[in-house]
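The values are calculated or read from the model by the stated rules, or taken from the named source; none is laboratory data. Everything numeric here is computed off the predicted structure, so don't read it as measured data. Don't worry about glycine lacking a Cβ; one is built from the backbone with ideal geometry, like all the others, and counts go over all protein chains shown. Only protein heavy atoms, including side chains, enter the accessible area calculation; ligands, DNA and RNA are left aside. Shrake-Rupley method; radii C 1.70, N 1.55, O 1.52, S 1.80 Å.
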Amino acid sequence: MNVYCIADNILSPLGATTAENYEALRAGRSALTSYASYSGRSEDDYVASRFSDEQREELMIHGLTWFESLCYHSVTEAMSHCAIDVASPRTLLVVSTTKANIDYLSATDYATLQPAESAKRIASLLGITTPPLVVCNACISGVAALVTAQRLLDCGSYDTAIVVGCDVISHFVVSGFQSLKAMSPEPCRPFDIERIGLNLGEAAATMVLSVTVSSFKNQDSPSERSVALQSWAIVRGAIRNDAYHISSPSPKGEGCASAIRYVTEGVDSKTLSALNAHGTATMYNDQMESVAIASAGLSDVPMNSLKGYYGHTLGASGLLETIITMHSVAHGELLGTRGFSEIGVSRRVNISSQPMPISKQSFVKVISGFGGCNAAVYCAPNAPSPSQQYTANTYSVEHHVRITPPSDLTEIYKQQIGNYPKFYKMDKLSQLGFIASELLLKQESPRKEQCTDRAVVLFNHSSSVWVDREYAKSIAVRDDYFPSPSLFVYTLPNIVCGEIAVRNGYHAETSFYILPNKDEDMMHQVLASTFLDKTIQSILAGWIDYEDDQHFEAELKLIKR
């Protein structure tokens, strides 16, 4: 079946509604502004898209964090444009974020502010009765959340999914990207020969997905609907891994190209109106994307990046940029890439700083992130139902392994593995996942490596809390301020999936989810729906959580279609 977008919202420094944001972009406005550093050092000053103090005061909700307030406002605005039963057990909330309330890490009540608990609080305020699902898949989280929601609806688990992506500017995140030397001290320039890095941004973006268009509010009055949303279908999505490196994209762009090819299978590139790229304006990301786009045969498709307007909004970016592109295509124009002047990538791409007229047809959204992950989604208006349906197959459990305290991870590594020195560079969550996966795969004969049909899908409750605390120590004291780039990368919990993919050469999907508890039913729903990707034949799946040396658990299994 098709899954339709029946309502949306973008809440950003440029506006409180999608319409306000779209008009701001058409007028050429950018939210990027210079800010003084958190460290107090002028060399750490940065450019970002942030809400003003006045906007923050207006939007902050008593009893909620800044992150939760933005999510709540965005969802309620989107819901005002559609008619859905939020209390129905067939309605799901999916939250996309990378670090959520991370600036509260040192608070005594942080356990109640971790992503899964925050999502529960948002769901409760909205009147949603089903347990929420948090997608935490680095920079691709927003598109990954769309893909996950589309699959869960497609396989019949739910009728409606409210998908909200949000991240906020914090000392933690800014210092981390600065430690990686990835930030530009001036407005970013996607795909430009003079690009020197990215800008960060904060925003919330929501899409309400349904298996039917009947949930449009006031159907008898077309003027009540957004022109961009009439019968827009989220047709197909894909997530792929480079299996190359946890913090650098593959120069060949294999994962990105593979995701694009999957979502455009059977689609004539001449019918594509547009391609919205990730376009972070970092040297290696933009170059990799150009290679992937050319490899997928889409060099001639009009392309843009929206980072020059919003910066990189992390967990919100995939949703925000899909929504803007949806409205842009519906209006017959592709917005110009702000900051772009002269092509600075090796492969030809059809990009311009000026708006381009386009036909009102379909588009592809592409995105990439740390952990080697890449994602793409194909959207089309008035899309016919797929001629071939892929049902969520039942699966069998082939092998199983469980690790809990008082196990000594280093001793297990020395005694039973011992041939992968990179183990000592990993954080505790990744070490736990690496060891559990190695013990699991030892049971497989012959061991399968370098393949494109095995996914890695993991769940937990506490995200990356252990390494979050370790990294926070490196930025806690201004006179002893040495943010660690190696620690920062591991503060993304999906890195454990990337480590397993790199070790074994797994090029299929890698996804990480955070749940309020070890919910076997939800985990089963997600895993079964993952098999809707017809290329996936097996999944290394399970629960992996590491709070501290006395509280950790890995329960992994190898499942096959």
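Restricting attention to region 507-561, which residues are of a type in the set (S, T, N, Q) and surrounded by fewer than 23 Cβ atoms within 10 Å (Cβ to Cβ)?
Result: 517, 525, 529, 535, 537, 538, 550.
Within region 189-214, being open to solvent by less than 10 Å² (accessible area, probe 1.4 Å), of a type in the set (A, V, I, L, M, F, W, C) and assigned to a loop (DSSP other than H, G, I, E, B) holds for one residue alone: 191.
Based on this model, can you work out whether residue 168 counts as closer than 23 Å to residue 475 by Cβ, within 17 Å of the chain's Cα centre (by Cα), aliphatic (A, V, I, L, M) and buried (at least 24 other Cβ atoms within 10 Å of the Cβ)? Even if it seems obvious, please write down each step before you answer.
On the way: closer than 23 Å to residue 475 by Cβ: yes; within 17 Å of the chain's Cα centre (by Cα): yes; aliphatic (A, V, I, L, M): yes; buried (at least 24 other Cβ atoms within 10 Å of the Cβ): yes.
For residue 168, the condition - closer than 23 Å to residue 475 by Cβ, within 17 Å of the chain's Cα centre (by Cα), aliphatic (A, V, I, L, M) and buried (at least 24 other Cβ atoms within 10 Å of the Cβ) - is met.
Going through (1) open to solvent by less than 20 Å² (accessible area, probe 1.4 Å); (2) out of contact with any Leu (no Cβ under 7 Å at 6 or more places or on another chain); (3) closer than 16 Å to residue 277 by Cβ one by one, residue 330 falls short only on (3). Could you list, in sequence order, the residues of region 293-308 that are hydroxyl-bearing (Ser, Thr, Tyr) and open to solvent by less than 10 Å² (accessible area, probe 1.4 Å)? 305 - this is the single residue of region 293-308 that is hydroxyl-bearing (Ser, Thr, Tyr) and open to solvent by less than 10 Å² (accessible area, probe 1.4 Å). Every condition in (1) small (Gly, Ala, Ser); (2) open to solvent by less than 10 Å² (accessible area, probe 1.4 Å); (3) under 25 Å from residue 468 (Cβ atoms) holds for residue 106 except the one numbered (2). Of all residues in region 430-450, those being open to solvent by less than 10 Å² (accessible area, probe 1.4 Å) and not aromatic (Phe, Trp, Tyr) number 9.
Residue pairs whose Cβ atoms lie under 7 Å apart, sitting 6 or more positions apart in sequence or on different chains, and linking a residue in region 532-561 that is within 16 Å of residue 493 (Cβ to Cβ) to a partner that is of a type in the set (S, T, N, Q) and open to solvent by less than 10 Å² (accessible area, probe 1.4 Å), are 540/437; 543/460; 544/460; 545/460; 545/462; 547/462; 556/437.
What number of residues within region 80-103 are open to solvent by less than 30 Å² (accessible area, probe 1.4 Å) and over 23 Å from the mean Cα position of the chain (by Cα)? I'd like the intermediate steps shown before the answer.
Applying the first criterion (open to solvent by less than 30 Å² (accessible area, probe 1.4 Å)) to region 80-103 yields 82, 86, 88, 91-102.
Restricting the remaining residues to those that are over 23 Å from the mean Cα position of the chain (by Cα) gives 82, 86, 88.
Total meeting the criteria: 3.
The one condition from (1) over 26 Å from residue 493 (Cα atoms); (2) open to solvent by less than 10 Å² (accessible area, probe 1.4 Å); (3) of a type in the set (S, T, N, Q) that residue 30 does not meet is (2).
Exactly one residue among 436, 376, 380, 455 is farther than 30 Å from residue 521 by Cα and touching a residue at least 60 places away in the same chain (Cβ under 8 Å), and that residue is 380. Those helices (runs of 4 or more DSSP H) of region 484-552 in which 1 or more residues are closer than 21 Å to residue 399 by Cβ occupy 495-504, 520-530.
For residue 468, indicate whether it is touching a helix residue (DSSP H, G or I) at 6+ places or on another chain (Cβ under 6 Å) and of a type in the set (D, E, K, R). Criteria not met by residue 468. I'd like to check something: does region 259-276 contain any residue that is modelled with pLDDT of 95 or more, in a helix (DSSP H, G or I) and surrounded by 24 or more Cβ atoms within 10 Å (Cβ to Cβ)? Yes; the residues of region 259-276 include at least one that is modelled with pLDDT of 95 or more, in a helix (DSSP H, G or I) and surrounded by 24 or more Cβ atoms within 10 Å (Cβ to Cβ).
Answer yes or no as to whether residue 557 is basic (Lys, Arg) and within 19 Å of residue 143 (Cα to Cα).
No.
Each row is one residue, and each column tells you yes or no for (1) surrounded by fewer than 18 Cβ atoms within 10 Å (Cβ to Cβ); (2) touching a residue at least 40 places away in the same chain (Cβ under 8 Å).
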{"site": "12", "(1), (2)": "no, yes"}
{"site": "22", "(1), (2)": "no, yes"}
{"site": "26", "(1), (2)": "yes, yes"}
{"site": "40", "(1), (2)": "yes, yes"}
{"site": "49", "(1), (2)": "no, yes"}
{"site": "54", "(1), (2)": "yes, no"}
{"site": "58", "(1), (2)": "yes, no"}
{"site": "72", "(1), (2)": "no, yes"}
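Within region 464-477, track down each residue that is open to solvent by 10 Å² or more (accessible area, probe 1.4 Å), in a loop (DSSP other than H, G, I, E, B) and of a type outside the set (A, V, I, L, M, F, W, C). Talk me through it step by step, then tell me what you get.
Restricting attention to region 464-477, the residues satisfying the condition of being open to solvent by 10 Å² or more (accessible area, probe 1.4 Å) are 466, 469-470, 472-477.
Okay, now just the ones that are also in a loop (DSSP other than H, G, I, E, B), so 474-477.
Result: 474, single match.
The residue that is surrounded by the most Cβ atoms within 10 Å (Cβ to Cβ), counting only those in region 478-499 that are more than 23 Å from residue 423 (Cβ to Cβ) and aromatic (Phe, Trp, Tyr), is 481.
For region 109-133: of the residues being closer than 22 Å to residue 62 by Cβ and β-branched (Val, Ile, Thr), which is most open to solvent (accessible area, probe 1.4 Å)? Give the derivation first.
Taking region 109-133 as the starting set, the residues that turn out to be closer than 22 Å to residue 62 by Cβ are 109-115, 117-128, 132.
In the following step, the residues that additionally are β-branched (Val, Ile, Thr) were identified as 112, 122, 128.
On the way: 112: 68, 122: 2, 128: 13 Å².
My answer is 112.
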